[in-house]
Amino acid sequence: MAIINTGPGLGLAAARRFGRQGYRLALVARNGERLDRFVAELAADGVTAVGYPADLAEPGAVERVATAVEAAHGPLDVLYLNGQPAADRIAAPLDVDPDNLRAQLDALVYNPVTLVRRFLPPMLARGDGAILVSLGASATTPIPMLANVGIAMAGLRNYVHTLHGALAERGVYAGVLTIGALVAGSDPERMLDAARSEPPAEVLDPADLADTLWRMHTDRASVEERAGALARV
């Protein structure tokens, strides 16, 4: 299993959840030192994981990390794409321009599609596998301060829905978890916690969300699950 954009919230929780089931994990994230800590924490829990530091915004980085993961782990059983925007290129509606929109489309559409194209063929060949994606509420609910992020997230959500239909009869599952609240321990939650005088209205337990991902993977009953009030609007 590969987890793309492994962070301290849902990414790490998903690693624990799937690792408990015996999955050997490839963790991809930009911060190599933090990846080392994740690998050590998981090892203490009896979970085998290998970190692959990569800034996926760099040209060629997606293909390079995919090659490294494939060489070390072989064909994947599960590809989990933890959708993260280009945090330094977020724009409100009147500030959306081709450059900052392109940055979000690269992070949330181009890179995921590239990874799916890389890891899906072996899944189809053996008639089994799963592609899981998690997204923020702007995928379904317009949030003005995240205008360009919402454009890209909505595109990735649409892609997963169409994948689900195309793959359903071929033994491969595709599903999306849309999250409409802060995730405890995540980078956004920590940043907002440091900046606010009052706690946010809703914070979700990443272990519960990881359980949802596991259930989606095993049940394969629906293309989408939603968690948090904003995602249910």
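The values are calculated or read from the model by the stated rules, or taken from the named source; none is laboratory data. This structure is a prediction, so every number in the text was calculated from the model and none was measured. Every residue, glycine as well, gets a Cβ built from its backbone with ideal geometry; the counts of neighbours run over all protein chains shown.
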Test: D187 is in contact (Cβ under 8 Å) with a residue 40 or more places away in the chain and among the acidic types (D, E): yes
Any chance S138 is more than 20 Å from E63 (Cβ to Cβ) and either touching a Lys or Arg at 6+ places or on another chain (Cβ under 9 Å) or outside any helix (DSSP H, G or I) (or both): no
Residue selected from region 27-53 under the condition part of a loop (DSSP other than H, G, I, E, B) and over 19 Å from the mean Cα position of the chain (by Cα), by the criterion surrounded by the most Cβ atoms within 10 Å (Cβ to Cβ): V47
Qualifying residues in region 84-101 (those that are surrounded by fewer than 12 Cβ atoms within 10 Å (Cβ to Cβ) and among the charged types (D, E, K, R)) - the one nearest to P142 (Cα to Cα): D95
Subset of region 200-233 that is of a type in the set (V, I, T) and within 16 Å of the chain's Cα centre (by Cα) - its residue that is nearest to L12 (Cα to Cα): T212
Residue count, region 12-58 (criterion: within 20 Å of Y110 (Cβ to Cβ) and not aliphatic (A, V, I, L, M)): 4
Residues of region 113-128 that turn out to be surrounded by 23 or more Cβ atoms within 10 Å (Cβ to Cβ) and without any contact (Cβ under 8 Å) to a residue 60 or more places away in the chain, as a count: 1
All positions within region 154-183 that are under 19 Å from R126 (Cβ atoms) and among the hydroxyl-bearing types (S, T, Y): Y173
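One line per residue, one yes/no per condition, for (1) over 26 Å from N158 (Cβ atoms); (2) surrounded by 13 or more Cβ atoms within 10 Å (Cβ to Cβ); (3) at pLDDT 95 or above:
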{"site": "M191", "(1), (2), (3)": "yes, no, no"}
{"site": "S197", "(1), (2), (3)": "yes, no, no"}
{"site": "A207", "(1), (2), (3)": "yes, yes, yes"}
{"site": "T218", "(1), (2), (3)": "no, no, yes"}
{"site": "E225", "(1), (2), (3)": "no, yes, yes"}
{"site": "L230", "(1), (2), (3)": "no, yes, no"}
{"site": "V233", "(1), (2), (3)": "no, no, no"}
Within region 54-77, tally of residues that are among the hydrophobic types (A, V, I, L, M, F, W, C) and not in a helix (DSSP H, G or I): 4
Residues satisfying the stated conditions in region 78-96, i.e. in a loop (DSSP other than H, G, I, E, B), in contact (Cβ under 8 Å) with a residue 40 or more places away in the chain and either in contact with a strand residue (DSSP E or B) (Cβ under 7 Å, 6 or more places away or on another chain) or not polar (S, T, N, Q) (or both): G83, P85, I90, A91, A92, V96
